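Below: the structure, in structure tokens.
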Amino acid sequence: MNKALLKWPGGKNWFIQHLQNILPKNFNYKRYVDPFVGGGSVFFALNPTNALLSDINQELITTYEAVRDNCNQVKQALQNHTKQHNKEYYYNIRKKRCKVATSIAARMLYLNHACFNGIYRVNKAGKFNVPIGNNNLEFFDVNYLDEKSNRLQNKEVLCQNYLETINATGPGDFLFCDPPYAVRDNENRFVGYTRNLFSWNDQVQLSNSLQEAAQRGVYILETNVNHPSIIELYQHIPNVHFQEISRYTSISGTRTARTQYSELIITINIGDQNGIN
């Protein structure tokens, strides 16, 4: 069972299902590193022995830690949520603020499965504000968390900035980067659903840090928006390769936003060994 821990905006389940030739055939790198872990699709698919997973979302990282360290307690709390699931209960839990790690994890997992279209979205106050979906959780099986917990054992999980994580990489590490997408258009305006969280300046800093990591002997696979501004950031880096792909996005609040769009796969120091050219 290689699916993500949660359904996450920009998640890479599609990547795992349709682009296996791009991922390492046999994971024989020193360590897997993911500074934007999100739902963790690629991590769970590769199942590396050593890994560093990070994100700046504290609630997300707490969920990973709780599933890793106290899976049974998370399952019990999540099962309780699913048994009581209805519209009133959903909105009561959505308003609730938990302090215990296992309760935080169970709440996040419950809302993720019960909300509309699996959208993760918070308001300016940082409160989850997605309406209830049409999901029937009566037969929801919480036991899928056992496999996730097993794969997270002995893995380092940190809440920190992506630059800290990338700067911690060294020779032989495999670095998978799936940043929030923010780019410039022809009039130098920001384009992208996360412009307030991941700016154009972040894109520049990311490209610089990845170039430095590549010089240290890190193997890099990055997904990003297919835009001339992004290509311009990376095209001068030695051993860089680009591949354009078209994919469908289904996580959106409106039907018209669920459509095909072009994405860019960038590899550095990997070359043709994993089917990229």
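General observations
- Only one of Y181, Y193 that is under 28 Å from L46 (Cβ atoms), open to solvent by 50 Å² or more (accessible area, probe 1.4 Å) and at pLDDT below 95: Y193
- I93 passes every criterion in (1) buried (at least 16 other Cβ atoms within 10 Å of the Cβ); (2) not in a helix (DSSP H, G or I) apart from (2).
- Residue within region 107-121 that is under 30 Å from L221 (Cβ atoms), in contact with a Ser or Thr (Cβ under 6 Å, 6 or more places away or on another chain) and crowded, with 17+ Cβ neighbours inside 10 Å present: yes
- K75 in contact with a helix residue (DSSP H, G or I) (Cβ under 6 Å, 6 or more places away or on another chain), touching a residue at least 12 places away in the same chain (Cβ under 8 Å) and not hydrophobic (A, V, I, L, M, F, W, C): yes
- Within region 111-134, the set of residues being over 18 Å from the mean Cα position of the chain (by Cα) and in a helix (DSSP H, G or I) comprises A114, F116.
- With respect to (1) in contact with a Leu (Cβ under 8 Å, 6 or more places away or on another chain); (2) under 21 Å from P179 (Cα atoms), the lone exception for R121 is condition (1).
- Test result for F43, open to solvent by 40 Å² or more (accessible area, probe 1.4 Å) and in contact (Cβ under 8 Å) with a residue 24 or more places away in the chain: no
The values are calculated or read from the model by the stated rules, or taken from the named source; none is laboratory data. Everything quoted here is computed from the prediction, not taken from an experiment. Cβ sites come from the backbone with ideal geometry, for glycine too, and all protein chains shown count toward neighbours. Surface accessibility is based on the protein's heavy atoms, side chains included, excluding ligands, DNA and RNA. Shrake-Rupley method; radii C 1.70, N 1.55, O 1.52, S 1.80 Å.
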